[in-house]
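A.B. asks: If you scroll down you'll find the structure; I have some questions about it.
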Amino acid sequence: MTSPHDIDRLHRVRAVTTDLGDYKGLHLLVLGLFLVFLAFAAAGRGELIAPGVFLAAGLLLVVGRYYRERFGDVRPLNTAGRVVRRVLLPLLFLPLALVLITLSNVFGLTDGPVSVAGFLSALLLALATGPRWRMRAHYPVAAAAMALASVLPLGVLTPSGTHPFLVDSPPMPLPLALGTVLCVCGLLDHRTLVRTLPPAPRTNETD
Amino acid sequence: MGTPFEDMADIDRLVHEPARLAITSALLSCESADFLFLQRITGLSKGNLSSHLSKLSAGGVVGIEKSTDGRPRTTVRLTPGGRVTVSAHWDRLLRLHEAAEAWTDPGA
């Protein structure tokens, strides 16, 4: 008889198989590092951006190859729920972002005590990763923390009255915060993948 | 649906063996998976995994496809009938799991 422990393990296997691409967290680590790089390098040193893009693209290729060779691959089921999560939810973000940006311009919030851009980043993080957060609780937590930090009027604590996420001199806090969040979340996803898929025994046979 | 004991008696032995249950559970959650991924899921050696896949294939639960263009690659998927069998098996397992959790010893 399958024990409850085995059922839990099988649930983990099914969750990781369903969304294998999401657990290949080193991709997100590369994106996060790129954002951190932008936070330090972008303002005033635009000549560094192009090499940074090429480096990030190269690293993404290396990471993709690493995952294919170490963990294998699956072809996901294209269910209606998956299409909604992958396409419709992120698409909903665009009109919502436009509305919020327009409202922030109308009400003069572009350099105010709250950060609409920070809130939108948190929302995008939640939409792009949800709603299947069973083994990925770090995403709603990180998105909620970023959203809270964005809507709290932290600008009243700064001499300029501007929210820290709106500062555009290096290191820029918003890309720095978002990049750090992506690095941490990516490493946690990778850890889940490694724990769920233990190394295959090495033999000389071929498949 | 019968009693939990009748459900246990009806369990499909071909699918329920632990390694094969892990293989079919993974395949139930995707369109297809390659050999390496199934090896990582089960922790089996290539020979053992091949043996389990052969049994599942002989039972009509999975279909195996070998491509030789470029790097040799083995892809495994549930057959339509296999998907029904494994889904039913999962439903039964979850029912038994719930029944086991709800069960209280009448003598206690």
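The values are calculated or read from the model by the stated rules, or taken from the named source; none is laboratory data. Just so it is clear, the structure is predicted and the values come from calculations on it, not from any experiment. Counting neighbours? That spans all protein chains shown, and the Cβs are built from the backbone with ideal geometry, glycine included. Note: areas computed on protein heavy atoms with side chains; ligands, DNA, RNA excluded. Shrake-Rupley method; radii C 1.70, N 1.55, O 1.52, S 1.80 Å.
A.B. asks: If you take each beta carbon of peptide A:17-24 and count the beta carbons of other chains within 10 angstrom, what is the mean?
C.D. replies: 3
A.B. asks: Just to be sure I understand the model, the point goes 7 Å from the Cα along the line to the Cβ. What's the resulting A:LEU148 to B:GLU98 distance in nm?
C.D. replies: Each label point is offset 7 Å from its Cα along the Cβ direction, giving 3.5 nm.
A.B. asks: Here's another thing I want to ask about it. For peptide A:69-82, how many partner chain Cβ atoms fall within 10 Å of a residue's Cβ, on average?
C.D. replies: Other-chain Cβ atoms within 10 Å of each residue's Cβ, averaged: 4.
A.B. asks: For B:LYS55, go through the lysines and keep the ones whose alpha-carbon is under 27 Å away, minus same-chain ones fewer than eight residues off.
C.D. replies: B:LYS46, B:LYS66
A.B. asks: What is the Cα coordinate range of region B:4-99 on the first, second and third principal axes, sorted by size from largest, in whole angstrom?
C.D. replies: Principal-axis extents of the Cα atoms in region B:4-99, largest first: 50, 25, 21 Å.
A.B. asks: Follow-up. Which residues in region A:150-178 have a backbone N closer than 16 Å to a point placed 7 Å from the Cα of A:PHE107 along the Cα-to-Cβ line?
C.D. replies: A:150-156, A:163
A.B. asks: Per-residue counts of other Cβ atoms within 10 Å, averaged by peptide: what ranking do you get for A:93-100, B:81-88, highest first?
C.D. replies: Working: A:93-100: 12.8, B:81-88: 16.4.
The densest-packed peptide leads the list: B:81-88, A:93-100.
A.B. asks: Rounded to the nearest whole Å², what accessible area per residue is found for chain B with the 1.4 Å probe? Write down the numbers at each step before the final one.
C.D. replies: Numbers: 5490 Å² over 108 residues.
Counting only protein heavy atoms, the per-residue value for chain B is 51 Å².
A.B. asks: While we're on this one: Applying the Karplus parametrisation 6.51 cos²θ - 1.76 cosθ + 1.60 with θ = phi - 60° to the phi angles of region B:19-31, what ³J(HN,Hα) value in whole Hz is obtained for each residue in order, glycine and proline being reported as x?
C.D. replies: With the stated coefficients, region B:19-31 comes to 5, 5, 5, 5, 4, 6, 5, 5, 5, 5, 9, 8, 6 Hz.
A.B. asks: In nm, to one decimal, how far is the modelled label at A:ARG12 from the one at A:LEU92, with both set 7 Å along Cα→Cβ?
C.D. replies: Output for this residue pair reads 3.1 nm.
A.B. asks: Here is a follow-up. At a 1.4 Å probe, what is the % contribution of carbon and sulfur to the accessible area of the protein assembly as shown?
C.D. replies: On the way: 10980 of 16860 Å².
Carbon plus sulfur share of accessible area: 65 percent.
A.B. asks: What nm distance separates the two modelled labels at A:ASN78 and B:GLU17, each placed 7 Å from Cα along Cα→Cβ?
C.D. replies: It is 3.5 nm.
A.B. asks: Averaged across the residues of B:22-35, what count of C-beta atoms belonging to other chains lies within 10 Å of each residue's C-beta?
C.D. replies: Counting other chains' Cβ atoms within 10 Å and averaging over B:22-35 gives 6.
A.B. asks: Please give the total accessible area that chains A and B bury against each other, computed with a 1.4 Å probe and expressed in Å² to the nearest 100.
C.D. replies: Its buried surface, counting both partners, is about 3000 Å².
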